[in-house]
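Single-structure report; data block below.
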Amino acid sequence: MSAVGGKVCAVTGAGSGIGRALALELARRGARVAISDVDPDGLAATAAALGGEVHETVVDVADRAAVEAWAAAVAAHHGVVHQIYNNAGIAFSRPVLDSDYADYEQVLGVNLWGVIHGTKAFLPHVIASGDGHVTSISSVNGFFAQSRMSHYCASKFAVRGFSESLRSEMLTARHRVGVTVVRPGGVKTNIADAALDEARRRGFVPTEADLRRHRTFNEKILRMPPEQAARIIVDGVEAGRPRILVGNDARLVDAIVRLLPARYQRVAVALERRMRR
């Protein structure tokens, strides 16, 4: 039997992309799945794709009270929660000089505080299960910084630090709780489209350079099917891996950062310029 078979697994950001694929992969392996997302339509579509028994709740992970209420409801419904997958995330592409504080607050609210809220709310239940796991989605940008992505990079670097500190605590306390931080490379989700839509909604008019960058991400970077990413992630969780790199691009970038820790940003800038041609 799969290591997730029969377990209760909660997934945030399950209305699309990696989150939806994770929910479907976990269910395929026999897990009982609880899903949440801020988008009710996307969440309903995931629930319909899952079929059968699924606990679904519209939740904004930046809202601490909402996440705590969801965790309590999942635990009450199933009687136990074994795993939490902190997946919900958003992104912006904008230079620091052109960003306002609301940009940082929104991205950090979802990408970092969402992970903290999900972990804090579910951790007592995960520990009590006697065989639990906390999985949080960071990014290749959790160790590889890029220009115009300071909001996203700051949040994803922090997710890595938070997760590794939590793992140390679980080991020290000898709790039977695994902790995994996932660092995907380019996965074909709607994150680039959503970032552009959000920028427009807030009154920013994209330049031609912004639109070229958006096309580059969708056509050349975001390429791995989310279903493949989900299989890699769940395989890694079942194997008890503390870190999971998703994709050859993530492995390549990891190697570049390790080999050139003080110079990789020059490489990144050169690659960005080349890809815009």
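The values are calculated or read from the model by the stated rules, or taken from the named source; none is laboratory data. Remember, predicted model here, so these are calculated numbers, not experimental data. All Cβ positions, glycine included, derive from the backbone under ideal geometry; neighbour counts span all protein chains shown. Remember, those area values only see protein heavy atoms, side chains included, never the ligands or the DNA or RNA. Shrake-Rupley method; radii C 1.70, N 1.55, O 1.52, S 1.80 Å.
Using only the Cα atoms of the range 104-156, build the gyration tensor, take square roots of its eigenvalues as a ≥ b ≥ c, and label the shape rounded, prolate or oblate: rounded if a/c is under 1.5, else prolate if a/b is larger than b/c, else oblate.
oblate
Keeping every protein chain in place, order D98, D103 by accessible area at 1.4 Å, biggest value first, i.e. largest first.
Per-residue accessible area, sorted high to low, gives D98, D103.
Identify the residues of the range 122-161 with backbone N under 17 Å of a label point that sits 7 angstrom from the Cα of R241 along the Cα-to-Cβ direction, or state none.
Answer for the range 122-161: 134-143, 160.
Take the alpha carbon gyration tensor of the range 1-140, find the square roots of its eigenvalues, order them as a ≥ b ≥ c, and report rounded if a/c is under 1.5; if not, report prolate when a/b exceeds b/c, else oblate.
prolate
From largest accessible area down, sort K120, K156, K7; use a 1.4 Å probe on the protein chains.
K120, K7, K156
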